[in-house]
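Worksheet: one structure, shown below.
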Amino acid sequence: MSTIKSDILVLGAGVAGLTTAIKLAKALPERKIIVATKANKEESNTKYAQGGIAAVWDEDDTFESHIQDTLKAGDFENNEEVVKIVVENAPERLNELIKWGADFDINSKNEYDLGKEGGHSANRILHHKDITGFEIQMTLIKQVESLSNIEFLAHHFAIELITEHHYTNKKIVFGEKNIHCYGAYILDEKTGEIDTYLAKKVVLATGGSGQTYATTTNPIIATGDGIGMAFRAKALVEDMQYIQFHPTALYEPGKSPAFLISEAVRGFGAYLRNETGERFMFKTDERGELASRDIVSRAINMEINISGAECVYLDCTHLDQEAFYKHFPNIVDKCKSIGIDVSKDFIPVLPAMHYMCGGVKVDIKGKTTIKNLYANGEVAKTGLHGANRLASNSLLEALVFGDIIANDIIENENELDVDFPNVPEWNTEGTTDPKELILITHNRKSVQNIMNDLVGIVRSNERLERALDHLNYIYEDTEKMFKRVTISPQICELRNINNVAYLIIIQSMEATKNKGAFYSLDLV
Ligand SMILES: Cc1cc2nc3c(=O)[nH]c(=O)nc-3n(C[C@H](O)[C@H](O)[C@H](O)COP(=O)(O)OP(=O)(O)OC[C@H]3O[C@@H](n4cnc5c(N)ncnc54)[C@H](O)[C@@H]3O)c2cc1C
């Protein structure tokens, strides 16, 4: 076990972590920055983003229109100041990303080809075919690797944030004003060692938590680790009831993660049809297929409940197939690989857990309620999304808050010149290798099924109480296991999934009204 010191520790290497690290490294060349990710350097939710990034780009579009669309999608639960900042900073951040090498599609007029998605009243989505996230992830990795003051560690799994809890007897309570973060205990997945990473500032950028549900578009790494760590360190975590279900994940029973059929496909003109071939969205919303995600997901849920069918369908057969393929080659090829010819066949789709609108509460500077700890990206609750995220606003949020966080650290550079407290090494005493790793897998699957079955698009008091009862047993069992087994990514992810599930259930129980992505049969 070693102790490794740096000025800034960034946990997570998606758009949020990498953007923050790049900005810091460029402005503070003498400072050491460590970026740690539990997976390989590319793997992240960012890598799978398809549709693109929203920004006011066209001269006929306005900031006010993007702001209003964001507020409307968020059911006006958003922080208006944050919405304004993010929307107004979007073009500058996008230009910076383009300067770093990101390539966005151009149309025949040699202008950026701006897509349209559900909830947007203008064409304002910059994209790279239907693999925008991959383009961004690779651009950012190249930038990071060109900066000599960033040490980029793959397969390094953050287990816990280091706070006073680890070196004093102080009893810490939620939201307490005087807790400090001094780094994290990190498992080197290659050596099995747990090292102490001390840092003056820590940026939590560990992404989302789709894997809390059995049906999700999120990759296997999206286990809400940052939420779990911050919650256990007693940071405030808010708005966890607002789970966004993407309306159109490809229906392939037993397949996880579910392949996403981007929102941009409906923006391109695809229709949603039910079992009988009827276009049903206009029964619910005058925007039809282009209503926001919460509305479309609930409408699909209703259609399925009434008809007993297993899915609904996306109809692309009437679209210009050449243009469609040019825009969505990845989606067309995926459908083809499972025998669906999008020019003739309807695509079977079903809603899936897609995005966590809530998260670790941060202020306008990206600071959590724990001192020296910032959060950026899907792990954070900035207030931008309110009760429901507007499509293509999340990559944007991470770019803008990456800049805000970096600037705050740069402006307060003197805070990097402090001494570290005397933090003990991680204590592995009394732990042994698990005899049956399958028990951890069983618990993970159980939580995912509980969340799918009882804490889905439509909730109720009875369902939530049942979910909590089931979860309590798994929680106790997992905590017992955690105390006696050698630390592994599997047991840590299970703990984090338990924490996220608990927060979603409890905050759903505490909700007093139906808003955006949260809907209970017992509320109005
Ligand atoms: C299929 C799909 C399509 C999407 N399409 C769009 C879109 O078109 N437009 C849009 O704006 N948004 C889209 N989103 C949402 C968007 O991609 C994410 O919200 C965004 O990429 C999150 O970025 P992030 O940096 O916060 O997290 P991520 O990109 O998920 O990165 C998290 C990082 O943290 C690391 N990590 C996690 N836990 C630990 C740990 N314990 N220790 C160390 N490292 C850890 C991970 O390995 C990863 O490197 C999409 C999401 C999905 C899943």
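Filter the range 355-374 for residues that are in contact with a helix residue (DSSP H, G or I) (Cβ under 6 Å, 6 or more places away or on another chain) and away from the ligand (no atom under 16 Å from the Cβ) and give the result. Answer for the range 355-374, where residues must be in contact with a helix residue (DSSP H, G or I) (Cβ under 6 Å, 6 or more places away or on another chain) and away from the ligand (no atom under 16 Å from the Cβ): just K365.
Got a sec? Which of G228, G254 is surrounded by 20 or more Cβ atoms within 10 Å (Cβ to Cβ) and not acidic (D, E)?
Details: G254 fails: surrounded by 20 or more Cβ atoms within 10 Å (Cβ to Cβ).
None of the others qualify; the one that does is G228.
Exactly one condition in (1) away from the ligand (no atom under 16 Å from the Cβ); (2) in contact with a Lys or Arg (Cβ under 7 Å, 6 or more places away or on another chain); (3) open to solvent by 40 Å² or more (accessible area, probe 1.4 Å) is false for E111; which is it? That leaves (2) as the condition not met.
Among the residues of the range 168-188, the ones that are away from the ligand (no atom under 16 Å from the Cβ), modelled with pLDDT of 95 or more and out of contact with any helix residue (DSSP H, G or I) (no Cβ under 7 Å at 6 or more places or on another chain) come to 1 in all. Mind listing just one residue for me: the one in the range 27-72 that is among the acidic types (D, E) and open to solvent by 50 Å² or more (accessible area, probe 1.4 Å) and, of those, farthest from the ligand (Cβ to nearest atom)? Step by step, filter the range 27-72, then rank; the result is E30.
Going residue by residue through the range 484-501, is there one that turns out to be over 26 Å from P219 (Cβ atoms) and either modelled with pLDDT under 95 or assigned by TED's automatic domain parsing to the domain that holds N372 (or both)? Spell out how you get there, then give the answer.
Filtering the range 484-501 for residues over 26 Å from P219 (Cβ atoms) gives 484.
Those left that are additionally either modelled with pLDDT under 95 or assigned by TED's automatic domain parsing to the domain that holds N372 (or both): 484.
Looking through the range 484-501, at least one residue is over 26 Å from P219 (Cβ atoms) and either modelled with pLDDT under 95 or assigned by TED's automatic domain parsing to the domain that holds N372 (or both).
Close Cβ contacts (under 8 Å, 6 or more residues apart or on different chains) running from residues in the range 1-22 that are more than 10 Å from G377 (Cβ to Cβ) to residues that are near the ligand (Cβ under 6 Å from one of its atoms) and part of a helix (DSSP H, G or I) comprise V10/G17; L11/G17. The helices (runs of 4 or more DSSP H) located wholly in the range 282-344 that include 2 or more residues which are open to solvent by less than 60 Å² (accessible area, probe 1.4 Å) and among the charged types (D, E, K, R) occupy 293-307.
Listed conditions (1) more than 16 Å from the ligand (Cβ to nearest atom); (2) over 30 Å from K515 (Cβ atoms) are all met by D333, apart from (1).
Checking the structure you have, find out if any residue of the range 235-243 is within 12 Å of the ligand (Cβ to nearest atom) and charged (D, E, K, R). No - not one qualifying residue is present in the range 235-243. Do we find a residue being of a type in the set (D, E, K, R), within 16 Å of the ligand (Cβ to nearest atom) and either open to solvent by 20 Å² or more (accessible area, probe 1.4 Å) or touching a Phe, Trp or Tyr at 6+ places or on another chain (Cβ under 8 Å) (or both) anywhere in the range 1-17? Taking every residue of the range 1-17 in turn, none turns out to be of a type in the set (D, E, K, R), within 16 Å of the ligand (Cβ to nearest atom) and either open to solvent by 20 Å² or more (accessible area, probe 1.4 Å) or touching a Phe, Trp or Tyr at 6+ places or on another chain (Cβ under 8 Å) (or both). Tell me whether the range 375-392 contains one or more residues that are within 12 Å of the ligand (Cβ to nearest atom), closer than 18 Å to G52 by Cα, among the polar types (S, T, N, Q) and part of a helix (DSSP H, G or I). No, because not a single residue in the range 375-392 is within 12 Å of the ligand (Cβ to nearest atom), closer than 18 Å to G52 by Cα, among the polar types (S, T, N, Q) and part of a helix (DSSP H, G or I).
For residues that are open to solvent by less than 10 Å² (accessible area, probe 1.4 Å) and farther than 16 Å from I98 by Cβ, scanning just the range 121-148, find the one that is farthest from the ligand (Cβ to nearest atom). Checking each candidate, the answer is V144.
Scanning the range 260-281 for residues that are open to solvent by 30 Å² or more (accessible area, probe 1.4 Å) and in a strand (DSSP E or B) returns Y271, R273, R279. Residues in the range 272-318 that are aliphatic (A, V, I, L, M) and either more than 28 Å from the chain's Cα centre (by Cα) or assigned by TED's automatic domain parsing to the domain that holds L390 (or both): I306, A309. Does the range 355-364 contain any residue that is modelled with pLDDT of 95 or more, crowded, with 24+ Cβ neighbours inside 10 Å and in contact with a Cys (Cβ under 6 Å, 6 or more places away or on another chain)? Within the range 355-364 (the criterion being modelled with pLDDT of 95 or more, crowded, with 24+ Cβ neighbours inside 10 Å and in contact with a Cys (Cβ under 6 Å, 6 or more places away or on another chain)), the answer is no, since none of the residues qualifies.
Pick from F152, F157, F104: which is aromatic (F, W, Y) and more than 29 Å from D225 (Cα to Cα)? Steps first, please.
Working: F152 fails: more than 29 Å from D225 (Cα to Cα); F157 fails: more than 29 Å from D225 (Cα to Cα).
Within the list F152, F157, F104, the selection yields F104.
Does I221 satisfy the condition of being open to solvent by 10 Å² or more (accessible area, probe 1.4 Å), more than 12 Å from the ligand (Cβ to nearest atom), part of a loop (DSSP other than H, G, I, E, B) and of a type in the set (A, V, I, L, M)?
no
Only residues that are among the hydroxyl-bearing types (S, T, Y), more than 15 Å from D130 (Cβ to Cβ) and within 16 Å of the ligand (Cβ to nearest atom): list them for the range 255-294, please.
If we filter the range 255-294 for residues that are among the hydroxyl-bearing types (S, T, Y), which is where we start, we get 256, 262, 271, 276, 284, 292.
Going one step further and asking which of them are more than 15 Å from D130 (Cβ to Cβ), we end up with 256, 271, 276, 284, 292.
Scanning the range 255-294 gives S256, S292.
With the condition kept exactly as written, say whether any residue in the range 92-103 is of a type in the set (G, A, S), under 30 Å from I409 (Cα atoms), crowded, with 24+ Cβ neighbours inside 10 Å and within 16 Å of the ligand (Cβ to nearest atom). Taking every residue of the range 92-103 in turn, none turns out to be of a type in the set (G, A, S), under 30 Å from I409 (Cα atoms), crowded, with 24+ Cβ neighbours inside 10 Å and within 16 Å of the ligand (Cβ to nearest atom). Filtering the range 155-187 to residues that are β-branched (V, I, T) and assigned to a loop (DSSP other than H, G, I, E, B) leaves T163, T168, I172, V173, I179.
For the range 438-449, check the following and say yes or no: at least one residue is without any contact (Cβ under 8 Å) to a residue 12 or more places away in the chain, open to solvent by 40 Å² or more (accessible area, probe 1.4 Å) and either closer than 28 Å to L204 by Cα or not acidic (D, E) (or both). Quick ask: steps written out before the conclusion?
Filtering the range 438-449 for residues without any contact (Cβ under 8 Å) to a residue 12 or more places away in the chain gives 438, 442.
When the remaining residues are screened for being open to solvent by 40 Å² or more (accessible area, probe 1.4 Å), the result is 438, 442.
From what's left, either closer than 28 Å to L204 by Cα or not acidic (D, E) (or both): 438, 442.
Looking through the range 438-449, at least one residue is without any contact (Cβ under 8 Å) to a residue 12 or more places away in the chain, open to solvent by 40 Å² or more (accessible area, probe 1.4 Å) and either closer than 28 Å to L204 by Cα or not acidic (D, E) (or both).
The values are calculated or read from the model by the stated rules, or taken from the named source; none is laboratory data. Remember, predicted model here, so these are calculated numbers, not experimental data. Positions of Cβ are backbone-derived with ideal geometry, glycine not excepted, and every protein chain shown enters the neighbour counts. Just the protein is used for accessible areas: all its heavy atoms, side chains included, with ligands, DNA and RNA removed. Shrake-Rupley method; radii C 1.70, N 1.55, O 1.52, S 1.80 Å.
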